[in-house]
Amino acid sequence: LITEIVARESGTGDYVLNRPEIEVEHIWSNHYEQHLDEFQTEQEFVTTRATIGALLVLPKSFNASYGDASYEVKVQQYFSQNVLAQSLNSKKYENNPGFLQFVARSGLAFKPYAEFKKQAILERTELYKSILEWNWRREAE
């Protein structure tokens, strides 16, 4: 639903949700040892990794091919995917008038991430919540 809202409001068709085989993608690979600077326990890492702000909906074939890659690799590949995945990449904020107009019109806190740390997940979680609240208010009018 979140991906569909952003796609619709950006004036882009969202091919991902029209495909029969989509999966939930964890933005972080499942490597606690890569995040020791941010987490005191593996359970805290696992919980954060499963937070909605750390997830995307992507085609199964894409998810399988990049699932264990680092964020720095994935963020480049996300630009070929749906608008919500693209919004992680700084290229989305250049020459994309539909998306940029939606961001300006909605006031939602979209931003790209060169690194995807724990703080980024917290911010994306709040962004997803804000997208749903924004859409609910818009539909209630």
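The values are calculated or read from the model by the stated rules, or taken from the named source; none is laboratory data. Note that the structure is a prediction, hence the values are computed from the model and not measured. Quick note on the areas: whole protein, heavy atoms, side chains included, nothing else; ligands and nucleic acids left out. Shrake-Rupley method; radii C 1.70, N 1.55, O 1.52, S 1.80 Å.
Values computed for the structure shown
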item	result
Residues whose placed amide H lies under 5 Å from that of residue 57, excluding near-sequence neighbours	25
Å² per residue, accessible surface of the chain at 1.4 Å	54 Å²
Heavy-atom accessible area ranking, 1.4 Å probe, most first, across 28, 134	134, 28
Carbon and sulfur %, accessible surface of the chain computed with the full protein complex present, 1.4 Å	52 percent
Solvent-accessible surface (1.4 angstrom probe) belonging to residue 5, in square angstrom, nearest 10	0 Å²
Whole-angstrom Cα spans of segment 24-76 along principal axes, big to small	33, 20, 15
Relative contact order of the chain, pairs being alpha-carbon contacts under 8 Å that are 6 or more residues apart, as %	30 percent
Heavy-atom SASA rank of 87, 61 (probe 1.4 Å, accessible area, largest first)	61, 87
Overall dimensions of segment 83-141 as given by Cα atoms, namely Rg and Dmax in Å	12.1, 37
Vicinal HN-Hα couplings computed from phi for segment 100-111 (Karplus, 6.51 cos²θ - 1.76 cosθ + 1.60; Hz; Gly/Pro x)	5, 5, 4, 4, 5, 5, 7, x, 6, 8, 6, 6
